[in-house]
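Trainee: Got a structure for you, written out below as C-alpha cells; questions coming shortly.
Every number here is computed from the coordinates shown, using simple stated rules; none is lab data. Source: prediction; values computed, not measured. No Cβ is skipped: glycine too gets one built from the backbone with ideal geometry, and neighbour counts run over all protein chains shown.
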Amino acid sequence: MSGLPPQELVEALELDEQVAAALATAVARHADREWAAALLPHPSLRNGRDLALLLDPAQRDAWLIGLIRTAPPAEAAHALLNVPRPWVKPVAAVVIDRLISDKDRGHFLLGVASMPDGFGPDALPLLATLPADLPADLGGITLRAARQFLIFNQTIDEAFASTQPPHLQEEHA
C-alpha cells in the first residue's frame, strides 16, 4: 500500500477510534496538510481540532460547514469551539440556519451561546435580516444578542472613526 496518496490509504485502512486518534496525533505532530485533509472526514476520528487547524482556511471552512450540517449537536459545537473565530460568513450562515431550524440542537445551542465572538462583522448582514419575532428560547436569545452586539460594535467603530487622526482612519478603512 505504500506509495498511495494519503486519501487512498485512509480509505483503504480499517480505522477504529484508537487507531484514528493515534494517526491523527502523528499527522498533527508532523503538520502534514495532505494527511490532515485525508483523515479529518473519517468517521472514526472523534477529535479533529489539531487536524482542522492544519488545513488551509478554505478546506477548513468546507469541512466545518459539512460537519455543522450533519454532526450531532455536541460534536458540531466542539468543532466550532476549536477553530479560529470569528467564523467566516458561510460558516456563520450555517450556524444561524442550524440554530433556527434544528429542533434537537441541545449541546450545539449551548456551545454557540458560549462563543459570542463567533459571529464577526461579516455576519451582521445575515443577522440583520433575521425576523424580529425570533423565538424566545436560547437560540433566539443568542441570535438577538449577537445581532445587538455587532450593531453596537459597528456604531462605536463609526463614532470613533471620525475622531481619529487621519493616519489611523486609513488603517481602519
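Trainee: Residue by residue through region 38-52, which ³J(HN,Hα) values in whole Hz follow from phi under the Karplus form 6.51 cos²θ - 1.76 cosθ + 1.60 (θ = phi - 60°), with glycine and proline marked x?
Mentor: With the stated coefficients, region 38-52 comes to 6, 7, 3, x, 5, x, 7, 7, 9, 10, x, 3, 4, 6, 4 Hz.
Trainee: Relative contact order (percent) for the chain, with alpha-carbon contacts under 8 angstrom and 6 or more residues of separation?
Mentor: Across the chain, relative contact order equals 14 percent.
Trainee: Separate question: For region 83-160, run through the trypsin sites (Lys or Arg not before Pro) and keep only the ones in DSSP coil with at most 16 other Cβ atoms within 10 Å of their Cβ.
Mentor: Within region 83-160, the qualifying trypsin sites (Lys or Arg not before Pro) (loop, at most 16 other Cβ atoms within 10 Å) are K103.
Trainee: Could I ask something else about it? Springs between alpha-carbon pairs under 10 angstrom, Gaussian network model over the chain: which of R60, R29, R49 fluctuates most?
Mentor: It is R29.
Trainee: Only one of the values (1) 1.11; (2) 1.08; (3) 1.01 was calculated from this structure for Rg/Rh (Cα atoms, Kirkwood Rh); name its label.
Mentor: So the structure-derived entry is (2).
Trainee: Could you derive backbone 3J(HN,Hα) for region 147-153 from the dihedral phi with the Karplus parameters 6.51, -1.76 and 1.60 (θ = phi - 60°), listing whole Hz in sequence and x where the residue is Gly or Pro?
Mentor: 4, 5, 4, 5, 5, 4, 4
Trainee: Also, quick follow-up: Want the number for D122 to L134: 0.36 nm per residue separation, take away the alpha-carbon distance, what's left?
Mentor: Length gained, D122 through L134: 2.3 nm.
Trainee: I've got another one for you. What residues from region 23-44 fall in the zone where the backbone N is under 19 Å from a label point 7 Å along the Cα-to-C-beta line of E14?
Mentor: Answer for region 23-44: 23, 42-44.
Trainee: Same structure, new question: Between F160 and A62, how many nm apart are label points set 7 Å from Cα along the C-beta direction?
Mentor: Inter-label distance under the simple model: 3.8 nm.
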